[in-house]
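Peer 1: Next up is a structure, given as structure tokens.
The values are calculated or read from the model by the stated rules, or taken from the named source; none is laboratory data. Note that this is a predicted model, so its numbers are computed, not measured. Counting neighbours? That spans all protein chains shown, and the Cβs are built from the backbone with ideal geometry, glycine included.
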């Protein structure tokens with residue numbers, strides 16, 4: 001049941017983004033859809049469709065694994081790709097996240 005809910009939630013995020021973009025366009029019908037998709041992503045409508053797809057994948061990841069797990073995975077991947085611990089710590093300081101998550105990420109860096 002939880003997996004079903006996470007998938008439905010992930011699908012809902014891109015839909016909400018599209019509806020908000022359509023409302024902001026001030027148009028109706030097919031013109032609103034076209035304008036909203038073109039405004040959402042680079043490269044016109046195709047870029048907007050791609051953007052909504054990526055947003056859906058991110059939303060699914062967040063609902064399935066949680067925000068903390070995603071950030072921890074990103075930090076580990078930065079280290080694997082050759083970034084120094086000090087450069088990663090500087091990036092963590094700039095992240096717009098809570099102090100407790102920053103502390104957790106710093107502890108993760110110290111374990112590496």
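Peer 1: Exactly one condition in (1) in contact with a helix residue (DSSP H, G or I) (Cβ under 7 Å, 6 or more places away or on another chain); (2) under 30 Å from residue 108 (Cα atoms); (3) modelled with pLDDT of 85 or more is false for residue 62; which is it?
Peer 2: It is condition (3) that residue 62 fails.
Peer 1: While we're on this one: Would you confirm whether any residue within segment 85-94 is within 29 Å of residue 40 (Cβ to Cβ), at pLDDT below 85 and surrounded by 13 or more Cβ atoms within 10 Å (Cβ to Cβ)?
Peer 2: Within segment 85-94, not a single residue is within 29 Å of residue 40 (Cβ to Cβ), at pLDDT below 85 and surrounded by 13 or more Cβ atoms within 10 Å (Cβ to Cβ).
Peer 1: Here is a further query. Could you pull out every one of the helices (runs of 4 or more DSSP H) wholly within segment 48-112 that has 3 or more residues that are under 30 Å from residue 36 (Cβ atoms)?
Peer 2: Once the helices (runs of 4 or more DSSP H) in segment 48-112 are filtered for at least 3 residues that are under 30 Å from residue 36 (Cβ atoms), what remains is 67-80.
Peer 1: Could you check segment 19-54 and list, in sequence order, the residues that are buried (at least 18 other Cβ atoms within 10 Å of the Cβ) and modelled with pLDDT under 90?
Peer 2: Answer for segment 19-54, where residues must be buried (at least 18 other Cβ atoms within 10 Å of the Cβ) and modelled with pLDDT under 90: just 41.
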